[in-house]
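Asker: Please read through the structure below; I'll follow up with questions.
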Amino acid sequence: MKDPVDVLIIGAGASGAAVAWSLAETKMHILCLEQGGWMNPAEYPSTGRDWEAKFYGEWSSSPNVRGRPEDYPINDDNSPIKVVNYNAVGGSTVMYTAHWPRLHPSDFKVKTLDGVADDWPIDYDALTPFFEENDRMMGTSGLSGDPLSPLTHPPMPQQPMGLSGAIIGKAMNERGWHWWPSDTTVATMDYEGRARCINLGHCTPACAQGAKSSTDITYWPHAVRAGVELRTHCRVREITTDENGMASGVVYYDKDGVEQFQPAHVVIIACNGVGTPRLLLNSASGRFPNGLANSSGLVGKNLMFHPYAQIYGFVKEPTDSNRAPPTCLWSKEWYDTDLSRGFVRGYGVQFVRGAGPVFEAVVSEQKGILPWGEDHHRVFRKLNGHRLGFSAICEDLPEEHNQVTLDPVLKDSHGIPAPKIDYTISENSRKMMEHALARGREFLETAGATDICVNSPIPWGGWHLLGTARMGTDPSRSVVNEWGRSHDVKNLFIVDGSIFVTSGGVNPTSTIQALALYIADQMKQRLANLFD
Amino acid sequence: MSEQITLTPRQRQDLRTIAAMIVPPSEEYRVPGADDDIIQADIIATLGRDARLVAAALDHLARLAGMPLSDLEPAARENVAQQFRIAGGAPAATLVRVVLQCYYRDDRVLRSLGLELRAPFPKGYVLPDGDWSLLDPVKARAGTLRRAT
């Protein structure tokens, strides 16, 4: 049998990397098991002429389409929003837009302010130092001083405005609406061993330049140098428990597919809002028949995605097309509750600079605005390089019927039951999406756009996997406590997006990592009585 | 993950015909059609994981046409193409996407669009920094972040 480790972390993505790095200073024996491997930037799409075609296959954001050995299938047939993720060292930070807003202070007090959902058991101020630490570690760029966003101090200047940014800014000014350069994790200057952005285009499917921050090139090199062991191509099947109901280790399949048992004194789950409930439910036992850490019955419940309402059009002026990071500006104009709009809560907006020629041709043909035949060439030249987009990230409120369960049939390549998603968009979200589309249309018309098209929701837009093991002080209404420890299993922690109580209206990765650092800090402060 | 599916000569013939209907050649823009030999060879060589759906789409097309697509009268061919486009589902969408993704990476086509014939990395692109005084109205309007207390 293997020697026990002090801390076993499952998942090497956004939160797993942050917690590993933070705990490394304790000099405990820390092991991270990751089902994927280290990425090779030389193989990233932007290194080849066929870079766009790869998005439809091996570099699809959907694990079901991608089907790499490192991926697990997800039954999301019963959801209008499909799950997207990436499985590797770095997790979904390998494949994300690098848009870097954080939750607002008001997002932690939703019940108090708006009478819906629940307040978080912690507030924004508790996370402030960890947001700052995380921004320094991930290396952020942006412009401090946004009047409608929490104050940030990005260590690098904002991205260039580009052609698209100027068009967006002018149109938003004409409307009198808020806009601001986005905080992003795109390095705009050389930073901590990362080369500055050279505008390879779409950042989402990994950055060959290394300018986009992903935890395989930020946290992990530091964590490994500090002594953390990272074991790749190891897929955890279940967490085991001992006679006292404490986590005793994990059963996993190693890179050769051989079943292994790794004992551990502390287990930390960092598998995202779908992978984490899947693992807990797959860890059911005689003592925990409904899944591990699930006495509340809330493991897998309250899944929140952020329905994206996207509207785009085509302006006369050239836009940045694929020659820039896709996101550069945001708006918080409609972030806060205004009941006159007919819904509670709100949405952030991320503007889209443009698209590459293959994407433009394929999508415009599907939308019916790019014809077949003789007129194809004329219309394509009108569309290509002229796209401008407005994407609203709508706050999804927690609803128990939106959930992750285990599929009774579907299994991954190791025979482990796969997750099944049941999700519907709420009436509140629908009203919010309609509001966003109306504002987006006004914005586009002000910019002079024509051929306006809508994706609402963006079908393959399930990037943000939140809420399925929520934190709280009441064990009957939450899965983990206010510092990430399971109410039921006192040496089991969760640090990923599944512990979100509400979702806010922004991309969550910055907040996920700040939470992971906060929980690691709490663990370090409580080492002497961690299990009390 | 490429699948071992090879298109039959008939399927290849129909693929060429439908590709030309999607993107015909243009003298005005000095570009080939998607039935061009080089583009067709690229499609065939890189079908990979799309081969199964593309073959299914071509089988569907063959059923609609009842004969080689190119043998139909133009009006009938157009009618078949319309039915295929409307009711072809995922296989038809995949076929069209495969045609377009190969067409819009062809050197002659990219040159006609004024695009450089290269991968984005390592040269990248240059973006204008822009006029950040555009933010002045936003700063002047300010606004207040909603507090939690």
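The values are calculated or read from the model by the stated rules, or taken from the named source; none is laboratory data. These numbers come from a predicted model, not from an experiment. All Cβ positions, glycine included, derive from the backbone under ideal geometry; neighbour counts span all protein chains shown.
Asker: Answer yes or no: is there a residue in segment A:49-66 that is crowded, with 23+ Cβ neighbours inside 10 Å, out of contact with any Asp or Glu (no Cβ under 6 Å at 6 or more places or on another chain) and not in a helix (DSSP H, G or I).
Answerer: Yes, segment A:49-66 contains at least one residue that is crowded, with 23+ Cβ neighbours inside 10 Å, out of contact with any Asp or Glu (no Cβ under 6 Å at 6 or more places or on another chain) and not in a helix (DSSP H, G or I).
Asker: So, in segment A:134-146, how many residues would count as being away from chain B (no Cβ under 11 Å), in a loop (DSSP other than H, G, I, E, B) and either buried (at least 23 other Cβ atoms within 10 Å of the Cβ) or of a type in the set (D, E, K, R) (or both)?
Answerer: Total satisfying the criteria: 3.
Asker: Additional query: Can you name the residue in segment B:18-56 that is within 12 Å of residue B:95 (Cβ to Cβ) and of a type in the set (Val, Ile, Thr) and is also nearest to the other protein chains (Cβ to nearest Cβ) among such residues?
Answerer: Filtering segment B:18-56 for residues that are within 12 Å of residue B:95 (Cβ to Cβ) and of a type in the set (Val, Ile, Thr), the one nearest to the other protein chains (Cβ to nearest Cβ) comes out as B:22.
Asker: Go through segment A:163-218 residue by residue and tally those that are in a loop (DSSP other than H, G, I, E, B) and either over 18 Å from residue A:387 (Cα atoms) or basic (Lys, Arg) (or both).
Answerer: 30
Asker: Can I ask one more? Within segment A:39-55, is even one residue modelled with pLDDT of 95 or more, more than 14 Å from chain B (Cβ to nearest Cβ) and touching a Ser or Thr at 6+ places or on another chain (Cβ under 9 Å)?
Answerer: yes
Asker: Additional query: Taking only segment B:107-138 into account, find how many residues are in a loop (DSSP other than H, G, I, E, B) and either of a type in the set (Phe, Trp, Tyr) or touching a residue at least 24 places away in the same chain (Cβ under 8 Å) (or both).
Answerer: Residues that pass the stated criteria total 2.
Asker: Any chance you could count how many residues in segment B:70-106 are free of Cβ contacts under 8 Å to residues at least 40 places away in the same chain, acidic (Asp, Glu) and buried (at least 17 other Cβ atoms within 10 Å of the Cβ)?
Answerer: 0
Asker: Could you list, in sequence order, the residues of segment A:103-133 that are more than 12 Å from every other protein chain (Cβ to nearest Cβ), assigned to a loop (DSSP other than H, G, I, E, B) and either in contact with a Cys (Cβ under 9 Å, 6 or more places away or on another chain) or crowded, with 17+ Cβ neighbours inside 10 Å (or both)?
Answerer: Within segment A:103-133, A:117, A:118, A:121 meet the criteria.
Asker: So, one more: Residue A:158 versus (1) assigned to a loop (DSSP other than H, G, I, E, B); (2) under 28 Å from residue A:477 (Cβ atoms): which is the lone unmet condition?
Answerer: Failed condition: (2).
Asker: Quick check, is residue A:222 over 21 Å from residue A:27 (Cβ atoms), not basic (Lys, Arg) and not in a strand (DSSP E or B)?
Answerer: No, not satisfied.
Asker: Could you give me the residue pairs with C-beta distances under 8 Å whose first residue belongs to segment A:27-40 and is farther than 19 Å from residue A:213 by Cβ and free of Cβ contacts under 8 Å to residues at least 40 places away in the same chain, whose second residue is acidic (Asp, Glu) and surrounded by fewer than 22 Cβ atoms within 10 Å (Cβ to Cβ) wherever it lies, and which are 6+ apart or on separate chains?
Answerer: What qualifies is A:28/A:6.
Asker: Considering only segment A:147-202, how many residues are free of Cβ contacts under 8 Å to residues at least 24 places away in the same chain, facing chain B (nearest Cβ under 9 Å) and in contact with a Gly (Cβ under 8 Å, 6 or more places away or on another chain)?
Answerer: Of the residues in that region, 3 qualify.
Asker: How many residues are acidic (Asp, Glu) and farther than 19 Å from residue B:21 by Cβ if we restrict to segment A:346-390?
Answerer: 1
Conditions tested, residue by residue: (1) in a loop (DSSP other than H, G, I, E, B); (2) more than 9 Å from chain B (Cβ to nearest Cβ); (3) surrounded by fewer than 22 Cβ atoms within 10 Å (Cβ to Cβ).
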residue	(1), (2), (3)
A:340	no, yes, yes
A:350	no, yes, no
A:361	no, no, no
A:365	no, no, no
A:369	yes, yes, yes
A:373	yes, no, yes
A:378	no, no, yes
A:381	no, no, yes
A:385	yes, no, no
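Asker: Does residue A:238 qualify as being crowded, with 17+ Cβ neighbours inside 10 Å, modelled with pLDDT of 95 or more and more than 21 Å from the chain's Cα centre (by Cα)?
Answerer: Yes; evaluated as a whole, the condition is true for this residue.
Asker: Follow-up question, since we're still on this one. Go through segment A:323-334 and give me each residue that's touching a Phe, Trp or Tyr at 6+ places or on another chain (Cβ under 8 Å), part of a loop (DSSP other than H, G, I, E, B) and over 16 Å from residue A:175 (Cβ atoms).
Answerer: Residues satisfying the conditions are A:323, A:324.
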